[in-house]
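Take a look at the structure below.
The numbers here are math on the coordinates, done by the rules we state, and not lab data. Just so you know, these numbers come straight off a predicted model, no measurement behind them. For neighbour counting, all protein chains shown are included, and Cβ atoms are generated from backbone atoms with ideal geometry for every residue, glycine included.
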Amino acid sequence: MTDDRPEVQTTAGTVRGVWRNESAAFLGIPFAEPPVGELRFAAPVPRRSWDGVLDAGEYGPTPQRATLQEVTLIPEPSLPGDSTLNVNVFTPAPGRTDAALPVLVYIHGGGFVAGSPASPWYDGAAFNRDGVVTVSVSYRLGFDGFGWIEDAPLNRGVLDWLLALEWVRDNIRQFGGDPARVTIAGQSAGGAAVLALLAVPRAAGLFHGAIAISGPIADLPLDEAERLGRAVADRLGVAPTRVGLSTASEGDVLEVQNVVASPVPAEGDAAEGPLAGLAALASEGMKWGPVVDGDVLPTKVLEALSAGVSSDIPLVLGTTDNEFNMVPAMLGDALAGVSPSDVLGAIGVPSALGAEYVDSHPGLDSGGVLGQFITDNLFRRTTREIAEVRAQTDAPTWLYRFSWQSPTMHGAVHCLDVPFFFDCLSSERVDVIAGPNPTRSVAVDVHGDAVRFIASGDPGWPRYVAPSRDVRVFDEPSSVVPDGFGDVALLASAE
């Protein structure tokens, strides 16, 4: 091992990283010009070449402008600066163009309005240890990335993903990776991004495997995107054009986008009460995200997958067992004295379905039933539907459940599986979500199966096919069971 900092030649110039034990990190490498000024609402432009050597020893600026640690479970720092479209590369073989190692490209979550690729949880050290080059990417968030503007390209955030993947295709060999063995992965909104990219024609050939971790489907209808975009412009008092919106400050746009798209009604709105916001979230999903524009994303994701789009791409997908069970605790007194059936009725669940759902979940109070219903409807149902339609086209698909119960969160909640996936159980704030002594064997299983899939296209358990519909259950111990999503059928049967 040399003490000299490693240097790698990219298509835009030389970058200098840092050694960390047996692997190297190249942080904040810009893949696009800074999305400011005339480029703010434009498609991303590939980064121009630079002279000399670019120092890649620290994370670059992030599109997230305000750290949300007080409301999120993953530490995702916000870093100032204009050059926010960058990649971080972690590799055990910098400069070894003959290494041909498999590659993981990770897209962070955050509801498409938050999140940061600079999280210590997304460090690729463990994947490097196991022979996988790892890349984390940034992309424009919220209105800047996904908002409808009259004379601007739609899906700017999706275009950012595509350009980042093109950067990987053109440069990853210099970092020891194989551009023909790229797997994309993401959690929450990042998982939704993975599912959307399966339906994006321009993404064909840019990746060869996919892992969607707790990923809902995000494919906003064009008319709804236009309604939201015009609402943002109206609240800002500007024309819904690039020129008009460019006159609004970044801070004002962030504030207004949150008001316009919030699932929680603003004070004085017609829809009153905190449950109305959860009803909107459960039925409609996220408001900022990929738009079905007929071009970048031609059709809805499930329709594309049903038609066999990306049926040649191996896909692993799944959820935690209790994704949203922690959310009702935030409602405080709103649920006091309200029966579980009435809580479900308040978010629009038909009474017969609500009663049957409550009966199928004995022992849960009103908050527990509400959280589990949102978990099942928004997350677990989605993964099962995707697995079913892909099974019909004989697309290689594997389904999992993360069932290990956190002693601090009292369930297998949203984000809990991320440090197990990255095998970073000793990282910052993991103890908050997983307790002081998270079970090491579960990380061995989750991370090990991910490495196996990234390297070979098969995670090591049976594919999701009829009639058995096998599902991998990550727990202590882990196992494989037939169709572990039984109660989700209740939701589909009600339609």
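Observations
- Each 10 Å bin from 0 upward holds the following percent of the Cα-Cα pairs of the range 100-173: 18, 42, 29, 10, 1.
- By other beta-carbon atoms within 10 Å, ranking TRP50, TRP461, TRP148 with the fewest at the front produces TRP50, TRP461, TRP148.
- Counting charges near VAL446 (Lys, Arg +1; Asp, Glu -1) among other residues having Cβ under 10 Å from its Cβ returns a value of -3.
- Mean Cβ count within 10 Å, highest first, over the residues of peptides 207-216, 170-179: 207-216, 170-179
- Relative contact order for the chain, counting Cα pairs under 8 Å that sit 6 or more residues apart, in percent: 13 percent
- SER351 paired with THR241, simple spin-label distance in nm, labels 7 Å along Cα-to-beta-carbon: 5.4 nm
- Estimated distance in nm for a label pair at GLU58 and LEU302, the labels positioned 7 Å out from Cα along Cα-to-Cβ: 4.7 nm
- If you sort the three axes of the alpha carbon gyration tensor as a ≥ b ≥ c, you get a/c of 1.5 or more for the range 379-445 and a/b above b/c, which makes it prolate.
- Share of pairwise Cα-Cα distances greater than 18 Å in the range 60-139 is 43 percent (whole percent).
- Rg and Dmax of the range 329-456, based on Cα coordinates, read 17.8, 53 Å.
- Per the Debye formula on identical point scatterers at the alpha carbon atoms of the range 1-69, with no solvent, log10 I(q)/I(0) at q = 0.17 Å⁻¹ is -0.74.
- According to the Kirkwood relation over distinct C-alpha pairs, the hydrodynamic radius of the chain is 23.0 Å.
- Estimated dipole of the chain in Debye, rounded to 20 [Cβ of Lys and Arg +1, of Asp and Glu -1, Cα centre]: 1020 debye
- Taking only the Cα atoms of the range 97-255, the ratio Rg/Rh comes out at 1.03, with Rh defined as the Kirkwood radius.
- Residues THR393, THR375, arranged from fewest to most other Cβ atoms within 10 angstrom of their Cβ, appear as THR393, THR375.
- Which of TYR139, TYR357 has the fewest Cβ neighbours within 10 Å, and the rest in rising order: TYR357, TYR139
- Under 15 Å, Cβ to Cβ, from ALA307 - net charge with Lys/Arg +1 and Asp/Glu -1: -4
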